[in-house]
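> So that we are looking at the same thing, I have put the structure below in structure tokens.
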Amino acid sequence: MKKVNYYIFLFFLASILGWCGEIIFNLFVNDQLVNPGTLSLCWCPVYGVAVIIIDLIANKKFKVWHNALIIGFVSVVDEYLSAYISEEYFNNRLWDYSNFPLNFQGRVCLPIVFIFVACGLVAIYTIIPAAKKFYDKHHKFIDIISYILLIIFILNIVYDAMH
């Protein structure tokens, strides 16, 4: 159960950090302050899912290029599926890379994948180990916070689906 709780914590950590990164990216690139997520609160689940998959597959003991390939593959699949599902089932286009070079259907593009790979490498070698260490030290408190966030997250999904 502790491993499940750790991944719930990691999911929210990455979802919230990804949301913050998107805010900063949009502020500098598009000169706009927008909520970048699919949900109305401050998280982007696509990042949470990606970081959990990366944590399960990648390894600090692998060569950096090997982890970069893993991250690149995970980010392309995660981003493409998220865009496809959002567009096809919710009629919501979250992003459009049509004006970027080397894009596929405007859903993924190579320059953005490079950014995700860089961020993923930072995550593997710094953020995830620090999060694991922090979790191991404070897991009882973090578990409570994580489950509260999980309840809020589910309520956020239900609320947004109804509106």
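> Considering only the range 1-47, how many residues are part of a helix (DSSP H, G or I), under 12 Å from the mean Cα position of the chain (by Cα) and aromatic (Phe, Trp, Tyr)?
Residues that pass the stated criteria total 4.
> Give me a count of the residues in the range 46-69 that are modelled with pLDDT under 90 and buried (at least 18 other Cβ atoms within 10 Å of the Cβ).
Within the range 46-69, residues that are modelled with pLDDT under 90 and buried (at least 18 other Cβ atoms within 10 Å of the Cβ) number 2.
> Would you confirm whether or not the range 132-140 contains a residue that is farther than 21 Å from ASN26 by Cβ, touching a residue at least 12 places away in the same chain (Cβ under 8 Å), part of a helix (DSSP H, G or I) and among the charged types (D, E, K, R)?
yes
> Right, here's the next one. Under 8 Å by Cβ, and 6 or more places apart or on different chains, what pairs join a residue from the range 107-126 that is in a helix (DSSP H, G or I) with one that is buried (at least 18 other Cβ atoms within 10 Å of the Cβ) and among the aromatic types (Phe, Trp, Tyr)?
Sorted first by the residue in the range 107-126, then by its partner, the pairs are ILE112/TYR97.
> Another question, then. Looking at SER98, SER15, which one is surrounded by fewer than 12 Cβ atoms within 10 Å (Cβ to Cβ), touching a Gly at 6+ places or on another chain (Cβ under 7 Å) and hydroxyl-bearing (Ser, Thr, Tyr)? Quick ask: steps written out before the conclusion?
Working: SER15 fails: surrounded by fewer than 12 Cβ atoms within 10 Å (Cβ to Cβ).
Going through SER98, SER15 in turn, just one is surrounded by fewer than 12 Cβ atoms within 10 Å (Cβ to Cβ), touching a Gly at 6+ places or on another chain (Cβ under 7 Å) and hydroxyl-bearing (Ser, Thr, Tyr): SER98.
> Considering only residues that are touching a helix residue (DSSP H, G or I) at 6+ places or on another chain (Cβ under 6 Å) and not hydrophobic (A, V, I, L, M, F, W, C), which ones fall in the range 1-37?
Answer for the range 1-37, where residues must be touching a helix residue (DSSP H, G or I) at 6+ places or on another chain (Cβ under 6 Å) and not hydrophobic (A, V, I, L, M, F, W, C): ASN5, TYR6, TYR7, SER15, GLY18, GLN32, PRO36, GLY37.
> Separate question: Determine, yes or no, whether ILE24 is surrounded by 18 or more Cβ atoms within 10 Å (Cβ to Cβ) and either within 25 Å of ILE152 (Cβ to Cβ) or free of Cβ contacts under 8 Å to residues at least 24 places away in the same chain (or both).
No; evaluated as a whole, the condition is false for this residue.
> Within the range 70-95, how many residues turn out to be outside any helix (DSSP H, G or I) and either surrounded by 14 or more Cβ atoms within 10 Å (Cβ to Cβ) or at pLDDT 95 or above (or both)?
Total meeting the criteria: 2.
> Those residues that are among the hydrophobic types (A, V, I, L, M, F, W, C), assigned to a helix (DSSP H, G or I) and touching a residue at least 40 places away in the same chain (Cβ under 8 Å), I need them from the range 49-69; list them, please.
Once the filter is applied, which keeps residues that are among the hydrophobic types (A, V, I, L, M, F, W, C), assigned to a helix (DSSP H, G or I) and touching a residue at least 40 places away in the same chain (Cβ under 8 Å), the range 49-69 yields ALA50, VAL51, ILE52, ILE54, VAL64, ALA68.
The values are calculated or read from the model by the stated rules, or taken from the named source; none is laboratory data. For clarity, every value in this text was computed on a predicted model and none was experimentally measured. So basically every Cβ, Gly included, is an ideal-geometry build from the backbone, and we count neighbours across all protein chains shown.
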